[in-house]
């Protein structure tokens with residue numbers, strides 16, 4: 001999916017356009033599942049699925065959109081991932097198998113069951129490929145591709161130079177593409193397309 005199309009939905013969604021809101025939430029879903037899978041500990045993943053976390057975050061975003069006061073796309077993505085970070089923190093602090101309430105699944109689109117199954121399968125491939133990467137690769141992909149942080153900010157967070165972050169990011173994306181489609185080599189596009197949603 002094209003990130004520019006996701007960005008184009010932010011302003012109309014914030015202005016109350018319900019169609020844009022639904023489309024924006026659907027576009028954020030994949031990004032949030034991948035992000036959550038990368039941020040959750042193995043112990044937490046054994047109790048709750050990344051898709052459940054993403055769904056709860058999407059519901060919180062949907063409820064909070066009318067009150068969001070950020071001025072630009074960067075503020076919006078920062079807000080989205082703060083909600084997600086807080087949800088994971090809450091789960092770590094308060095999760096108990098006997099206390100867990102089933103997540104109310106709300107659909108924001110008219111996706112058919114077969115399309116949803118295919119998307120879920122592709123998403124599982126992306127999550128598995130990212131989880132198999134070295135930690136530095138996972139971190140730089142999360143910060144640059146999923147959270148949309150600037151190179152300088154990533155460099156500061158990772159304790160590296162901006163140039164080192166650019167090189168690391170290129171290597172991480174190449175490794176992700178190869179993990180998604182080992183036979184395609186440098187020309188693969190499958191992993192980048194999904195990871196770029």
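Taken together, the values in this text are just the output of simple stated rules run on the coordinates, not laboratory data. The model shown is predicted, which means the values in this text are computed figures rather than measured ones. Counting neighbours? That spans all protein chains shown, and the Cβs are built from the backbone with ideal geometry, glycine included.
The calculated FRET efficiency for the pair residue 41 and residue 167, based on their C-beta separation and a Förster distance of 25 Å, comes to about 0.30. If the chain linking residue 150 and residue 174 were pulled fully straight, counting 0.36 nm for each residue of separation and taking away their Cα-Cα distance, it would gain 6.7 nm.
The protection proxy used here, the mean number of other Cβ atoms lying within 10 Å of each residue, ranks peptides 65-72, 54-61, 154-161 as follows, highest first: 54-61, 154-161, 65-72.
Label zone of residue 93 (point 7 Å out along Cα→Cβ, amide N under 17 Å): in the stretch 59-87 this covers 82-87. Judged by the mean number of other Cβ atoms found within 10 Å, the most tightly packed of the peptides 41-53, 141-153 leads the ranking 141-153, 41-53.
With viscosity set to 0.890 mPa s and temperature to 25 °C, compute the Stokes-Einstein D of the stretch 144-184, Rh being the Kirkwood radius across alpha carbon pairs; µm²/s, no decimals. Kindly include the intermediate steps, with their values, before the conclusion.
Values: Rh = 10.9 Å.
Once the numbers are plugged in, D ends up at 225 µm²/s.
Among 167-177, 24-34, sorting by the average number of other beta carbon atoms lying within 10 angstrom of each residue, highest first, gives 24-34, 167-177.
Taking R0 as 22 Å, what FRET efficiency do you get between residue 60 and residue 135 from their Cβ-Cβ distance, rounded to the nearest 0.05? Approximately 0.20, to the nearest 0.05. Potential lengthening of the chain between residue 67 and residue 8 amounts to 19.3 nm, from the contour at 0.36 nm per residue minus the alpha-carbon distance. Convex hull volume of the C-alpha atoms in the stretch 1-98, normalised per residue: 100 Å³. Mean separation of Cα pairs under 8 Å and 6 or more residues apart, divided by the residue count, gives the stretch 1-98 a relative contact order of 28 percent.
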